[in-house]
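Each remark here refers to the structure printed beneath this line.
The values are calculated or read from the model by the stated rules, or taken from the named source; none is laboratory data. As the structure is a prediction and not an experimental result, all values here were calculated from the model. Quick reminder, even Gly has a Cβ in these numbers, built from the backbone with ideal geometry, and neighbours come from all protein chains shown.
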Amino acid sequence: MTPSPGFRAGVPATTPPAPVEIPSALGSNHPLALRAEEGAYFILLKSYSRPARPDPRDPGMTALQLAEGLANYVQLTHRARVYLYEHISEEKRAEAVAMATARQRASAFAASLDGYRQKSQLQGMEFLEPDTRVRFQTFRYRDQIGVLTGPFATEDEAVKALAVVKKWPAPQDVRLMDGGALAGTGPDGKQVIEKTFLNPFGQAMMVKNPAAPKSAPAQSTGLDPFVVRLNEGRPYSLLKATRNWTLGVKSFSAPVTFQSKDEDSSMMRKLSFGKGGDVLRAGAEQAEALAKALREMKGPGGQLWMLEAFVLHTRSGSIVTVGQFDGPNDPALLETRRVLSNLTFNLSKDQAQQQLVGTGQKLFGDNILPIPIPKP
């Protein structure tokens, strides 16, 4: 994993003296731009993160070109409504603020020069023009654009639709998909690496409308006792975390919602209510396995990455998270999110177990979101 050369860990969300216009890769009038009034819930099909400026070290299509390509495929193939949403990174915001501040200072400096220039002329002195170029801090940020379908009026409707979306076949244009590699053992006993492409729809997730204004957090009334029982005795329970925020990296959802009917604290018995329960239970097992693999994940040299992975089991699925932080703008959270978004892997398989190894293709991409840690 190599940090972007222009990155500064923990870039502060600077408050400018006046409103600053943030440059948009999506543009202000894009016909597919998601707006706050469109609806409450959506399914995030895929997000693309690409260099905002041409980079010879990372050539290829832009984030907008990729997002529009997938949106067009979904519209033509599945006749579904699609939307595009651009996430503005802290690096992009910081550069816009730095540019606006530099221009304000340059304007004030230019006004003072006029006074010195006139004074020189009155005194018959030659005025030497100074260097008036505007300088400001830049960042090698990336454009980030997500492709969504919806809207859905309720969370339950979105979860049911998600089960259908996850079964969609992969698009034929491989440029719209992330690459992957599966390492295993061939018939001759030698390691075989099979390169493939990952169907983006299998990684889709339900989200609230990201364009809607963020409301103030409601006063906590305590965590659902049923959810507390689901997580009792689990080795990677998020409820064991002592700080307030974490990074969600993967969700395993089922097209069902359950109500508690007994006080049994066994998660697996609670999740085995027929076919829907089987899906929910399987997702819970996958989440636990992923958290275990992340905690045991090694780099190319065999060293442990020391990722603190957690799992939260809910009524409608399971969520895998990484780390615990003081807040959504905690510098450590921003740095961890950057590292995770660039984390790559191969899946190696031996006689004992499958093991994630930190080399190869991207593991999470850009579907990494800060989420508050619930408290019992």
Study note, to complete from the structure: Restricted to segment 82-121 and to residues being outside any helix (DSSP H, G or I) and out of contact with any Lys or Arg (no Cβ under 8 Å at 6 or more places or on another chain), the residue modelled with the lowest pLDDT is 88
Review point. Among the residues of segment 204-213, is there at least one that is touching a Ser or Thr at 6+ places or on another chain (Cβ under 9 Å), at pLDDT 85 or above, outside any loop (DSSP other than H, G, I, E, B) and surrounded by 14 or more Cβ atoms within 10 Å (Cβ to Cβ)?
Key: yes
Exercise for review: Being without any contact (Cβ under 8 Å) to a residue 40 or more places away in the chain and under 17 Å from residue 33 (Cβ atoms) is the filter here, so list the residues in segment 67-97 that pass it.
Suggested key: 68, 72, 75
Practice item. Please verify whether segment 52-70 includes one or more residues that are modelled with pLDDT of 90 or more and farther than 26 Å from residue 198 by Cβ. Key: no
Exercise for review: Return the total of residues in segment 268-309 being surrounded by 14 or more Cβ atoms within 10 Å (Cβ to Cβ), aliphatic (A, V, I, L, M) and modelled with pLDDT under 70.
Suggested key: 2
Practice item. Go through the residues of segment 122-139 one by one and say whether even a single one is closer than 30 Å to residue 210 by Cα and at pLDDT 75 or above. Key: no
Check your understanding: Only one of 214, 208 is free of Cβ contacts under 8 Å to residues at least 12 places away in the same chain and within 23 Å of residue 89 (Cβ to Cβ); which?
Key -> 214
Revision key, fill the gap. Every listed condition ((1) under 23 Å from the mean Cα position of the chain (by Cα); (2) in a helix (DSSP H, G or I); (3) touching a residue at least 12 places away in the same chain (Cβ under 8 Å)) holds for residue 144 save (2)
Check your understanding: Quick check: is even one residue across segment 151-168 assigned to a strand (DSSP E or B), over 25 Å from residue 72 (Cβ atoms) and out of contact with any Pro (no Cβ under 6 Å at 6 or more places or on another chain)?
Key -> no
Review point. What tally of residues in segment 20-58 results from selecting those that are of a type in the set (A, V, I, L, M, F, W, C) and in a loop (DSSP other than H, G, I, E, B)?
Key: 8
Check your understanding: Of the residues that make up segment 179-189, is at least one over 17 Å from residue 84 (Cα atoms), modelled with pLDDT of 80 or more, in contact with a Ser or Thr (Cβ under 9 Å, 6 or more places away or on another chain) and not acidic (Asp, Glu)?
Key -> yes
